[in-house]
Every structure is written in C-alpha cells, then in structure tokens.
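The values are calculated or read from the model by the stated rules, or taken from the named source; none is laboratory data. Quick caveat, the model's predicted, so the values are computed rather than measured. We place every Cβ from the backbone using ideal geometry, glycine too, and count neighbours over all the protein chains shown.
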Amino acid sequence: MREPLERSSEHAARLVRAPASEFRVVYETIDYDTAHALQFLDITEDVRRFVAATDIDDGQIAVVSMHTTAAVVVNEHEPLLLNDMARVLRRLAPADDYYEHNDFSIRTVNMTADERENGHAHCQHLFLGTSETIPIRAGALTLGLWQSVFLVELDHARRRTVQLHAMGVAGG
C-alpha cells in the first residue's frame, strides 16, 4: 500500500480558510452580432471583465454558446491560424455538400418559416463544441500564454448569445 502524499502548507492553509469563504455562483448573458460564417470572434476580454466582477478567487467559468451553429473554443489568436482553422472546417463539412437537414422536401422536424440550409454548420459544430470550462485562480481567468476565447460563427451573420457561468470560492 502506498503512503498518502504529504500535503503542502499551501494546501493545508486552504483547508483552514475554506470555512470562512463564501461559495458563489454568478452568471451573465452577453449578445454578440456576428458578421459572417466561420468568423472567430475573440470574446476573451469580456470573459476576463466578467470574472473580475464576480469576486471569485478560485473556481471555474463555463463559457457556453446557446446555439447549435455557433461554437465556443479556446485557441490562439493569430490571423493566419484563424484562416487555417476556417479552411479546415470548410473542408470537413462543405456548404455545397448534400445534407438531408437541408432537404425540405423530406425534413419535417424543427422547421420554421424562414428555415435556412445550414446542415454544414451543424456538422462543423461537431468538431468544435458548445462550451469551454476555464479555471479561475487568484480572481483571474487562467489561460495559457497564447490562448484566447472565441465565439465561432458557423452559419451566417446574426445575433448570438453566450452565457457565462462562474462558480467558486470568494472571500478567501
């Protein structure tokens, strides 16, 4: 049997402080107007401002797209890389391919009067995701040196909604 690892004094201090701390859950909804398909909209500063306003010292934040054709990703904000990523998504699910979702002669579910042919955007979304969870440490968003948070428009220009949901310990 292995011996338990010795806890550091930092960890022990956290255990002592925890009862005096307050657990918080804070959320906000932000709307963005996108300009075009395969737009990588950098929302990092909005997320940072929100985290700073929560007064959460240690915890995490979920950044969630409220759409099935707009994703949230963490990646590098370098213009040529963003072009590369858009090109890869176009190759994976080209807009001009056949999608049963776009065949309104057979599709009968979740239809609206202004339905668009956007099967490709839903398929591109499979390779990205709806949300990212990012640590909050010492009251700040914790990202790597080159990391940024993006809302990725996969369909067409429109208003998009992102929910920020932070939880963690404050007042410690």
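His165 meets the stated requirement of being part of a strand (DSSP E or B) and touching a residue at least 24 places away in the same chain (Cβ under 8 Å).
Quick check on Ala53: is it farther than 17 Å from Glu153 by Cβ and either part of a helix (DSSP H, G or I) or touching a Pro at 6+ places or on another chain (Cβ under 9 Å) (or both)? So Ala53 fits the description; yes.
Within region 60-67, not a single residue is touching a Leu at 6+ places or on another chain (Cβ under 9 Å), of a type in the set (S, T, N, Q), surrounded by 12 or more Cβ atoms within 10 Å (Cβ to Cβ) and more than 20 Å from Met167 (Cβ to Cβ).
Note on region 90-116: residues that are exposed (fewer than 14 other Cβ atoms within 10 Å of the Cβ), within 29 Å of Val63 (Cβ to Cβ) and either in contact (Cβ under 8 Å) with a residue 12 or more places away in the chain or touching a helix residue (DSSP H, G or I) at 6+ places or on another chain (Cβ under 6 Å) (or both) amount to 3.
Considering only residues in region 115-132 that are in a helix (DSSP H, G or I) and either charged (D, E, K, R) or over 17 Å from the mean Cα position of the chain (by Cα) (or both), the one that is farthest from Asp96 (Cα to Cα) turns out to be Cys123. Filtering region 64-95 to residues that are within 12 Å of Val152 (Cβ to Cβ), in a strand (DSSP E or B) and β-branched (Val, Ile, Thr) leaves Val72, Val73, Val74.
Does Arg48 count as of a type in the set (D, E, K, R) and either closer than 16 Å to Ile134 by Cα or surrounded by 12 or more Cβ atoms within 10 Å (Cβ to Cβ) (or both)?
Details: of a type in the set (D, E, K, R): yes; either closer than 16 Å to Ile134 by Cα or surrounded by 12 or more Cβ atoms within 10 Å (Cβ to Cβ) (or both): yes.
The answer is yes for Arg48.
Among the conditions (1) touching a residue at least 24 places away in the same chain (Cβ under 8 Å); (2) over 24 Å from Ile30 (Cα atoms); (3) part of a loop (DSSP other than H, G, I, E, B), Leu145 misses just one, which is (1).
Kindly indicate whether any position in region 2-22 is among the polar types (S, T, N, Q), at pLDDT below 95, assigned to a helix (DSSP H, G or I) and surrounded by fewer than 16 Cβ atoms within 10 Å (Cβ to Cβ). Can you show your working first?
Taking region 2-22 and keeping what is among the polar types (S, T, N, Q), we get 8-9, 21.
From what's left, at pLDDT below 95: 8-9, 21.
Then keep just the ones that are assigned to a helix (DSSP H, G or I); that gives 9.
If we keep only those that are surrounded by fewer than 16 Cβ atoms within 10 Å (Cβ to Cβ) as well, we get 9.
Yes.
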